[in-house]
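Comments concern the structure below.
Bear in mind that the values in this text are calculations on the coordinates, not laboratory data. Since this is a predicted model, take the numbers as computed values, not measurements. Heads up, the Cβs are rebuilt from the backbone with ideal geometry, glycines too, and the neighbour counts pull from every protein chain shown.
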Amino acid sequence: MSGLTDLTLAEARDAVAAKKVSSSELTEAFLKAMEAARSLNAFITETPERAFEMAAASDKRIAAGNARPLEGLPLAIKDLYCTKGVRTTAGSKILHNYVPQYESTVSQNLWDNGAVMLGKANLDEFAMGSSNETSYFGPCISPWRAKGSDAKLVPGGSSGGSACAVSANLCLGATATDTGGSIRTPAAVTGTTGIKPTYGRCSRWGIVAFASSLDQAGPISHTVRDCAIMLKAMASVDPKDSTSVDLPVPDYEAGLEAGVKGLRIGIPKEYRVEGTSPEIDAIWNKGADWLKAQGAEIVEVSLPHTKYALPTYYIVAPAEASSNLARYDGVRYGHRAEGIEDLIDLYQKSRAEGFGSEVRRRILIGTYVLSAGYYDAYYLRAQKLRSLIARDFTEAFKQCDMLLTPATPGPAFAIGEKISDPVTMYLYDVFTVTVNLAGLPSLVLPAGLTESGLPLGLQFIGKAFDEATLLRAGRALEVAAQFTAKPQPWWRAP
Amino acid sequence: MSTEAKNKLIQGSTGPWEVVVGLEVHCQVLSKAKLFSGASTVFGADPNSQVSFVDAAMPGMLPVINRYCVEQAVRTGLGLKAKINLFSVFDRKNYFYPDLPAGYQISQYKNPIVGEGEVLIDLPGGEVARVGIERLHLEQDAGKSLHDQHPDHSFVDLNRSGIALMEIVTKPDLRSSEEAAAFLKKLRAIVRYLGTCDGNMDEGSMRADVNVSVRKPGAPLNTRCEIKNMNSVRFIVQAIEFEARRQVDVLESGGTIHQQTLLFDAKNGETRPMRSKEEAHDYRYFPDPDLLPLELEQAWVDGIASSLPELPDEKKNHFMEMGLSSYDALVLVAEKEAADYFEAMLKEGAEPKAAANWLNNEYFGRLNKVGLAIGDGPVSAAANSAIVQMISANVISGKTAKDVLDIVWSEGGDPRSLVESRGLKQVTDTGAIEEAVDKVIAANPDKVAAAKAKPSLVGWFVGQVMKATGGKANPVSVNAIVKERLGIPEEG
């Protein structure tokens, strides 16, 4: 069977079930593709041995007739998910040698559903970044190139490796995480589909924490259907995560084709922000038209506190991060500086050497906003704004079932273009951070290409735990957009 | 001001000073598992053998509240007659130290689980003082740094990391080192009655930070100093006395007290400031985003309240209603084991007053002499109850009873069968006693004459009769018969 790596997750699942292809064959095809794509730096760690073992076990189960929903399907795992016995780095030097003795709940759920692990995907250090350039293991490079240019572009971040691996057909799907857009931004700029579920839908247990009240796991994959399949397997209530929610996980795939007829889609006027590329505005309008043409009602809504979302996010997230990252101190595991004088020296040197500049910046911001005398002015006010931002959505959802917005202010940019100016980089999250602050689910899928041939995404924002409707609307837009573009495999050795 | 209050003042060169003390007591919650992980809490295990991934703060690990620890905190709050807050919040207290793996301690800062309450303490002279409780909150313990295991390395034992503590904060209501000691003993009794903390200060299950200031009587509160991490009542008393005197000396020589954290040097009996590095913390408290606010249902709290055991104050009243003196009742309730032992004796049929006298005058004294705890004593409550009942029923005399106790103490056995088999039964047969009395009278005509003149000499006759009967005669009967034979009237 040719073109194994071109299959979607759903197609591969059906092919495996129909015994047209074995898991071992699929796995081998992807491992070969990964090898040929090493210049993209999508993986920090490849796990071919584990992959072949898991594939062989899957093939046995398939032969025995007791295959599970993801049986034998090879996936990439963002290197923020702790994997038992497999190095887990969070893209940081400080964890460059860390091998967990436990498996994250979400990845365990995937293995329990039969999936196969290909390797650990690259990411921004501790998921802090929008371009995957802050990784200690070097930037991941987008498989996409602008027409007539060989400039290396970012795959978005922080789940850049996951998005890159899906986009370049190096896996059938990938896990990702989203604290302020880390699933949706990379999906948008690589022509892939990603869903950040409602906060509490997936367990955070075993996922290296960035900002606990915002972090949420989700998939990046080829299609809306693939997202539905993966999310069903990843989501669960977890007694080990007090913030996970005990609600049944619906069969997201079942209602996928129900269409948008009768759904009211809100267009938040505050999302028409300065600095957004005209092409983004155009695709946004087009998206609304497509949905309208399929029977949805388009309503303008207002989210008046949107302009406070970025400053709020860049207080709350660093505050939590500054505390979450305190455990990386060189004492028990991870990087420890050499030649230290005393305890303070051990802390200072290990952390200064172990953390990259973006992580250090956020730890400093977070420490500052929580400090005596500043707490009320920053952290407390940010918490109040967070409530107001959440309330904006509650109000808006009185007039509509979901929102449609751009995913990013523009297409992928060149590596090095924004990294020296953190504020410009932070502005790239303008459409995504609101959702995390409100804890809502959000789906991003490709809607078209720029003049220069780069993917543009659109974002749906739904009511809490209404992922099913979100996926259904996403499927309708996917059908209308007919986005079939793939990057040219320039990275393969000739 | 009462005399009691005046006695607590300390004299300086400018007149009397009043000592003001407030305590922050850390009580380890009695629970098999830690506050946020399932790891065991048993004391004395091998270093780092009781550490879960959560306790070691491995990447991606999350805390999950142990419901039983919450229940224990609520139970303690109820025992302190305190307000139970149905809504409370866990916060992170951030600081770096090798025995604090996460770099923060999960504690409760602005919204503790228990609010204001009170404890009554019993002072010498029967005075009862009320000590206000400010709050009780739950928090995790840190691990232990070991600096004495290697010439140039420090080790960390995380067994204690994550164990649940209740921090109980008093109002500045204590006025002397004695009151502080009385409070700690009372608090210890309360948590032991409740079964929420074993109160074992040697093993660190109860530790206190002591806040001390001094002022002229009636003046506003002065700046305080905090003496950290004390784990012995005796040292706390010493530390308060030293610190109060130090502050008086500073103030009287024209100095001012700066708020600071102190350590008590037990060897030299003095307080000294901690290094400034040890205390210069900005803890950057904020609500722990890994944990939802703790919301309790009133019905659940009511359920705990209805299952609360009788506490020392109520038990003391209860014992006094049975006819015990306030002193006897107080002695018995001070230690839960003593009260339990006493109640077990009553259950076996002993009369309360007699049982209390026997325990306080005989049995506890013997235990103290050999340094045994009540629970470790060699004589069961049933055996002591039998002895007391035999005294009450005039089966044995008080003197014989002590001998029986000696025998049971050293040899064991059932007191009733011992008395039977060794012929220790008291002679209550009037005929036999009369015979013995007559013999003594006949043999001592001179004493008879003397006794008629001076009735108190009856005692000599009684003694002789007791001797003649080997101590088995009932002394009350002997006394009556001697008086009757000598013609001395019975008096009150």
Here the tail fraction of P(r) beyond 23 Å, over all Cα-Cα pairs of the stretch B:203-297, rounds in percent to 41
How many partner chain Cβ atoms sit within 10 Å of a residue's Cβ in peptide A:328-334, on average, as a whole number? 5
Taking the Cα centroid of the stretch B:305-368 and of the stretch A:103-124, what is the distance between the two, rounded to the nearest whole Å? 63
Return the subset of B:Lys399/B:Lys447; B:Lys353/B:Lys402; B:Lys83/B:Lys347 for which the Cα-Cα distance in this structure is over 23 Å, preserving the input order. B:Lys399/B:Lys447; B:Lys83/B:Lys347
Give, in nm to one decimal, the length gained when the segment between A:Leu247 and A:Asp112 is fully stretched (0.36 nm per residue of separation minus the Cα-Cα distance). 46.6 nm
Between B:Phe43 and B:His150, what is the label-to-label distance in nm when each label sits 7 Å out along the Cα-to-Cβ direction? 2.8
Where labels lie 7 Å past Cα in the beta-carbon direction, separation of A:Asp6 and B:Ser417 in nm: 9.7
Given H placed 1.01 Å from N in the peptide plane, which residues other than close sequence neighbours of A:Thr408 have an amide H under 5 Å from its amide H? A:Gly457
Enter the per residue convex hull volume of chain A, computed from alpha-carbon coordinates, in Å³ rounded to the nearest integer. 141
Whole-number percent relative contact order across chain A, with pairs defined as alpha carbons under 8 Å at least 6 apart: 18
List the residues whose amide H sits under 5 Å from the amide H of A:Arg204, counting only those 5 or more places along or on another chain, with H placed 1.01 Å from N in the peptide plane. none
Could you name the aspartates and glutamates whose alpha carbon sits less than 18 Å from that of B:Lys467, not counting residues in the same chain fewer than 8 places away? B:Asp403, B:Asp429, B:Glu434, B:Glu435, B:Asp438
Can you run phi through the Karplus equation (6.51, -1.76, 1.60; θ = phi - 60°) for the stretch B:180-193 and list ³J(HN,Hα) in whole Hz, with x for Gly and Pro? 4, 5, 5, 5, 4, 5, 5, 4, 4, 4, 4, 5, 6, 4
How well do other chains shield peptide A:365-372, expressed as the mean number of their Cβ atoms within 10 Å of each residue Cβ? 3
What is the Å³ per residue value for the convex hull set by the Cα atoms of the stretch A:1-93? 105
Could you tell me the extents of the stretch B:310-411's C-alpha atoms along the three principal axes, largest first, rounded to whole Å? 36, 31, 20
Which three numbers, in whole Å and largest first, are the semi-axes of the equivalent ellipsoid of the protein assembly as shown derived from its Cα gyration tensor as √(5λ)? 77, 31, 25
Once Rh is set to the Kirkwood radius over Cα pairs, what Stokes-Einstein translational diffusion coefficient, in µm²/s, holds for the stretch A:343-494 at a temperature of 37 °C and a viscosity of 0.692 mPa s? 172
Along the stretch A:155-167, what does the Karplus equation 6.51 cos²θ - 1.76 cosθ + 1.60 (θ = phi - 60°) give for ³J(HN,Hα), rounded to whole Hz, x for Gly and Pro? x, x, x, 7, 7, x, x, 5, 5, 4, 5, 5, 4
Interatomic Cα distance distribution for the stretch A:160-232, bins of 5 angstrom, percent: 3, 20, 30, 24, 16, 6, 0
Evaluate peptide B:282-294: per residue, the Cβ atoms of other protein chains within 10 Å of its Cβ; return the mean as an integer. 6
With the cut-off at 45 Å, report for chain B the share of all Cα pairs above it, as a whole percent. 32
If packing is taken as the mean number of other Cβ atoms within 10 Å per residue, what is the order of A:431-437, B:187-193, highest first? A:431-437, B:187-193
Just from its helices, what would the mean residue ellipticity at 222 nm be for chain A, if runs of 4 or more DSSP H residues each count -39500 (n - 2.57) and the sum is divided by every residue, rounded to the nearest 500 deg cm²/dmol? -11000 deg cm²/dmol
Run the numbers for B:Met320 and B:Phe87: contour at 0.36 nm per residue of separation, minus the present Cα-Cα distance, in nm. 80.0 nm
Cα-based Rg and Dmax for the stretch A:279-398, where Dmax is the largest Cα-Cα distance (Å): 21.7, 70
Rounded to the nearest 20 debye, what is the charge dipole size of chain B about its Cα centre when +1 sits on each Lys and Arg Cβ and -1 on each Asp and Glu Cβ? 940
Once the Cβ-Cβ distance between B:Leu330 and A:Ala337 is put in as r, and R0 is 51 Å, what FRET efficiency do you end up with, to the nearest 0.05? 0.30
Equivalent ellipsoid semi-axes - Cα gyration tensor, the stretch B:1-121, angstrom: 38, 19, 15
Calculated FRET efficiency for the pair B:Asp202/A:Ser387, C-beta based, R₀ 56 Å, to 0.05: 0.70
Using the Kirkwood radius over C-alpha pairs as Rh, can you work out the diffusion coefficient of the stretch B:430-486 via Stokes-Einstein at 37 °C, viscosity 0.692 mPa s, in µm² per second? 301
Helix-only CD estimate at 222 nm, as mean residue ellipticity for chain B, using -39500 (n - 2.57) per DSSP H run (n ≥ 4): -12000 deg cm²/dmol
The stretch B:358-368 - phi-based ³J(HN,Hα) in whole Hz, Karplus 6.51/-1.76/1.60, Gly and Pro as x: 4, 5, 5, 8, 10, 6, 4, x, 5, 4, 4
Using a 10 Å cut-off on Cβ atoms, rank the peptides B:302-308, A:163-169 from the highest mean neighbour count down. A:163-169, B:302-308
A:Met117 long-range amide H proximity, modeled H, under 5 Å: A:Leu75
